[in-house]
1. Looking at the range 68-94 only, could you name the residues that are over 15 Å from the mean Cα position of the chain (by Cα), of a type outside the set (G, A, S) and surrounded by 14 or more Cβ atoms within 10 Å (Cβ to Cβ)?
2. Of the residues G74, G35, which single one is among the small types (G, A, S) and either in contact with a helix residue (DSSP H, G or I) (Cβ under 7 Å, 6 or more places away or on another chain) or under 18 Å from E107 (Cβ atoms) (or both)?
3. Tally the residues that are farther than 19 Å from E95 by Cα and among the polar types (S, T, N, Q), restricting the search to the range 39-53.
4. Could you go through the range 38-46 and let me know if any residue there is part of a loop (DSSP other than H, G, I, E, B), modelled with pLDDT of 95 or more and either under 30 Å from A108 (Cα atoms) or not polar (S, T, N, Q) (or both).
5. From the list L34, L13, pick out the single residue that is within 26 Å of A114 (Cβ to Cβ) and loosely packed, with under 10 Cβ neighbours inside 10 Å.
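The values are calculated or read from the model by the stated rules, or taken from the named source; none is laboratory data. All of these numbers come straight from a predicted model, not from anything done at the bench. Note that we place each Cβ from the backbone using ideal geometry, even for glycine, and neighbour counts take in every protein chain shown.
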Amino acid sequence: MGQGARRQAKTALVDRTTNFPVPDVSKYVPVTDLGDEFRQEVESDIRTLFLAGTLDGRTLYDSQKELANNFANGTLLTIDGAGHNLFMSSPKVSESIVGFLQGDDIEASTIELAPLVFQ
């Protein structure tokens, strides 16, 4: 883990548990770095639906917006209040996916979820 990530983990709400057991297992599992070419920006004109949860701790919302901008025929569907596992967060998500796959345009660009309630 890089020094910046180690420094941020000290004050992060969940420390570094989000990505556990990586990078701890790295020395035991041989993985080859894919290089800078792998990390280049992706651009496409393929019709693509992006689902982005505003509370996603794995694939940050701003990163998804940035990537979607590189797709000329990309549609970003924001699920406000959803995390990474957003597929079952609302029936509207499934309806939007099915509609998109059937060739429909997505009507709403944002699906609003009820606020989280902590007890």
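1. Answer for the range 68-94, where residues must be over 15 Å from the mean Cα position of the chain (by Cα), of a type outside the set (G, A, S) and surrounded by 14 or more Cβ atoms within 10 Å (Cβ to Cβ): F71, K92.
2. On the way: G35 fails: either in contact with a helix residue (DSSP H, G or I) (Cβ under 7 Å, 6 or more places away or on another chain) or under 18 Å from E107 (Cβ atoms) (or both).
Every option except G74 fails the conditions.
3. Total satisfying the criteria: 2.
4. At the first step, the residues of the range 38-46 found to be part of a loop (DSSP other than H, G, I, E, B) are 39-43, 45-46.
Subsequent filtering for residues that are modelled with pLDDT of 95 or more retains 45-46.
After this cut, where a residue has to be either under 30 Å from A108 (Cα atoms) or not polar (S, T, N, Q) (or both) as well, the list is 45-46.
Yes, there is a match, as at least one residue in the range 38-46 is part of a loop (DSSP other than H, G, I, E, B), modelled with pLDDT of 95 or more and either under 30 Å from A108 (Cα atoms) or not polar (S, T, N, Q) (or both).
5. Of L34, L13, the one residue that is within 26 Å of A114 (Cβ to Cβ) and loosely packed, with under 10 Cβ neighbours inside 10 Å is L13.
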